[in-house]
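We did not get these values from a lab; they are worked out from the coordinates using the rules stated. What you see is a predicted model, and the numbers here were worked out from it, not measured in a lab. Cβ atoms come from the backbone with ideal geometry, glycine included; neighbour counts cover every protein chain shown.
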Amino acid sequence: MAIESHQARFLRCIGEPTRLRIIKLLSQGEKCVGDICQAVGKDQPLVSHHLRALRECGIVSARQETQKVYYQLADQGLASLVMLSGDIVTRLAPCQPEEACCEGEEILDSMNHDDGAGI
């Protein structure tokens, strides 16, 4: 798989508002699930779902201490990436909510995987 495919999967994984908030929060250091829920203002089942996805993608790591699970970023470069992307979005203001700039990406992706039989 080309590096661009890996990058696209990685960016899709972190490209969700709650996951971005979690990454920003964990850039300040290790946190338990309860603290993450409180900080992002979401219920525990939803936060746990996002944490599981981030963990499966290798973005966060977890450790258990007694009955609490603590999460931390797997690489501090992730915090820099999220902060940099926030700066870029502020400067460029891409993808305005009223625009459909990325809708239909699934169609484009399937066209990229076409076997050429229809050509």
Review point. Listed highest first by mean packing, meaning other Cβ atoms within 10 Å per residue, what order do 15-26, 56-67, 31-42 come in?
Key: 15-26, 31-42, 56-67
Exercise for review: Starting from one equal scatterer on each C-alpha and no solvent at all, send me the Debye-based log10 I(q)/I(0) for the range 10-94 at q = 0.15 Å⁻¹, two decimals.
Suggested key: -0.51
**Study point:** Nearest-0.05 FRET efficiency for Gln38 and Ser80, computed from C-beta distance (R0 35 Å)
**Key:** 0.90
